[in-house]
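As structure tokens, the structure follows; a few thoughts come after it.
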Amino acid sequence: SPLDQFGIAVSINSNGSIVASSSMKSDVNGEKSGQVRIFQYVNGSWEQKGQDIVGTTTFEKFGYSISLNEDGSRIGCGSLRHRAKVYAFSNNTSTSAASSPSNTPSIYPNPSNDIFHIHLPQKEVGYLNIFNVHGKLLYTWSGFTQNKPLQINASSWNSGIYFLNYRTTRGFYTAKLLKTK
């Protein structure tokens, strides 16, 4: 339906073969729960990759923000209900449903006008940096993760998009933070 706002957020991988688009007002799992669909260009046509990724609650507006990684094997999805999740495809060429990796941070609220809470997964040594769109380092943290979230005070930052990089021995994770006034 046009009222679903399909295409409100769009992301494309580095070579243009995979595209994701969201319908944050889709009623597929409750009123305005939202959904994300991923498509792959195969043999001259676009085919859906995996199953729809849907919001879990009414008025969640899942798909408010989305971002595919370089090769299209992972997608980060955010909602207006302070939830962000990263999904990874178990087989990059299959049409299996996406699943959520357990080693990714959760960020809430996102967007935020002052404090971001970042819950780091599992107990391990990690490194976290936050940069503005010009590449200037605004925040850095390293240490042993605990079961409580980091609180990032962004009240002095300008409104806009910021990038979080989180690294452990098991991998690297990047997310967008949206600072509002």
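Laboratory data are not the source of any read-out in this text; all were calculated from the coordinates shown. Here the structure is a predicted model, which is why all the values come from computation and not from measurement. Because the Cβ atoms are built from the backbone with ideal geometry, glycine has one as well, and the counts that use them run over all protein chains shown.
So for the chain: antiparallel DSSP bridges make up what percent, rounded to the nearest 5?
95
Mind giving me the FRET efficiency for THR174 and TYR41? R0 is 25 Å, r the Cβ-Cβ distance, nearest 0.05 is fine.
0.55
Give, as a single signed number, the net charge of other residues whose beta carbon lies under 15 Å from the beta carbon of PHE6, with Lys and Arg counted +1 and Asp and Glu -1.
Once all neighbours under 15 Å are counted, the net charge is +1.
At what distance in nm do the modelled label points of SER155 and ASN113 sit from each other, each positioned 7 Å from its Cα along Cα→Cβ?
With each label point 7 Å from Cα toward Cβ, the separation is 1.3 nm.
Order the peptides 34-40, 106-112, 148-154 from the highest to the lowest mean number of other Cβ atoms within 10 Å of their residues.
Working: 34-40: 22.7, 106-112: 19.3, 148-154: 14.4.
The densest-packed peptide leads the list: 34-40, 106-112, 148-154.
Among SER65, SER17, GLY50, whose Cα sits farthest toward the positive end of the charge dipole of region 1-95 (+1 at Cβ of Lys/Arg, -1 at Cβ of Asp/Glu, about the Cα centre)?
The one lying farthest along the dipole's positive direction is SER65.
Please compute, over every Cα-Cα pair in region 1-95, the percentage with a separation greater than 22 angstrom.
23
Based on the mean of other beta carbon atoms within 10 Å per residue, what is the order of 20-30, 5-15, most packed first? List each step's numbers first, then the result.
Numbers: 20-30: 20.9, 5-15: 15.0.
Result, highest mean Cβ count within 10 Å first: 20-30, 5-15.
Need one number: % antiparallel among DSSP beta bridges in region 102-181, to the nearest 5. Display every interim value, and only then the final one.
On the way: 28 of 29 bridges.
Taking every DSSP beta bridge with both residues in region 102-181, the antiparallel ones total about 95 percent.
Among LYS148/LYS179; LYS61/LYS148; LYS136/LYS179; LYS148/LYS176; LYS148/LYS181; LYS49/LYS85, which pairs are too far apart, with a Cα-Cα distance over 24 Å?
On the way: LYS148/LYS179 22 Å; LYS61/LYS148 26 Å; LYS136/LYS179 15 Å; LYS148/LYS176 21 Å; LYS148/LYS181 26 Å; LYS49/LYS85 18 Å.
Pairs exceeding the cut-off: LYS61/LYS148; LYS148/LYS181.
Per-residue HN-Hα couplings for region 41-48, Karplus 6.51 cos²θ - 1.76 cosθ + 1.60 at θ = phi - 60°, whole Hz, x for Gly and Pro?
Once θ is set to phi - 60°, the couplings for region 41-48 become 7, 10, 6, x, 9, 8, 10, 5 Hz.
Could you list ASP52, ASP4 in order of exposure, starting from the residue whose Cβ has the fewest other Cβ atoms within 10 Å?
ASP52, ASP4
Along the Cα→Cβ direction, 7 angstrom out, place labels at VAL10 and VAL125. What is the inter-label distance in nm?
4.4
Could I have the simple spin-label model distance between PHE163 and HIS134, label points 7 Å from Cα toward Cβ, reported in nm to one decimal?
1.5
Dipole of the chain, Cα-centred, from +1 at each Lys and Arg C-beta and -1 at each Asp and Glu C-beta, to the nearest 20 debye?
Charge dipole of the chain: 480 debye, to the nearest 20.
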